[in-house]
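Throughout, read-outs are computed from the coordinates displayed, never taken from laboratory work. Just so it is clear, the structure is predicted and the values come from calculations on it, not from any experiment. Here the Cβ is made from the backbone with ideal geometry for all residues, glycine too, and neighbour counts use every protein chain on show.
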Amino acid sequence: MSVDTPRATSAAIAWRWWGLAISVSAVDQLTKLAVSTLMYYGESIPLTGFFNLVNVWNTGAAFSFLADAGGWQRYFFIVITLGVSIVLVVMLCKPRPRAEALGYSLVLGGALGNGFDRVVRSYVVDYLDFYWQRWHWPAFNIADIGITLGVSLLLLSTFNQADKQHKTEL
């Protein structure tokens, strides 16, 4: 478990992780801008036998959860995103194992990317559509990938730390 060295200041460490989060969010937003500009809403461009580039809008959360809730969910998800983002920004101010900090940064970047969509557009632009035969996985975007990878890293980091602690107790 490597932790950032005490030589580096807390601010420098935090800015490194915040910079990664901002980069994830920026790439997500640039990709969404390209999709929204170059494709009509609902358009689907087949690229392979298992992947389409699409332009769809999600007013809900993951897998369109609460998409048909009547509009209140937009503000609910904005508040949740704001709260989670503040907590993650503060958490990244403290030295943490790199895998953990990377996980938090990816989640923060994804939250900022989708949160920006909710504030500015009232919906999240999704554009990656993977499928097998007639079964389509729900469309998603780079922000969603950041959140998923970040949570996966945090889970692996937690299991790894628990395993190391269990071995030292034996």
Determine the gain in length on full extension of the stretch CYS93-SER122; use 0.36 nm per residue of separation and subtract their C-alpha separation, reporting nm with one decimal.
-> 7.4 nm
What distance in nm separates the simple spin-label points at PHE159 and ALA11, each placed 7 Å from Cα in the Cβ direction?
-> 3.9 nm
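Mind checking the dipole of the stretch 71-157: about its Cα centre, +1 per Lys or Arg Cβ, -1 per Asp or Glu Cβ, Debye to the nearest 20?
My answer is approximately 180 debye.
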Simple SL model, points at 7 angstrom along Cα→Cβ for SER23 and VAL84; separation in nm is 2.2 nm
Computed label-point distance, nm, for sites PHE51 and SER152 using a 7 Å Cα→Cβ extension = 1.4 nm
Given H placed on each backbone N at 1.01 Å, which residues far from THR59 in sequence or on other chains put an amide H within less than 5 Å of it?
-> VAL124
Quick one: which residues, 5 or more positions from ARG96 or on another chain, have an amide H under 5 Å from its amide H? H modelled 1.01 Å from N in the peptide plane, none for Pro or chain starts.
-> ASP4
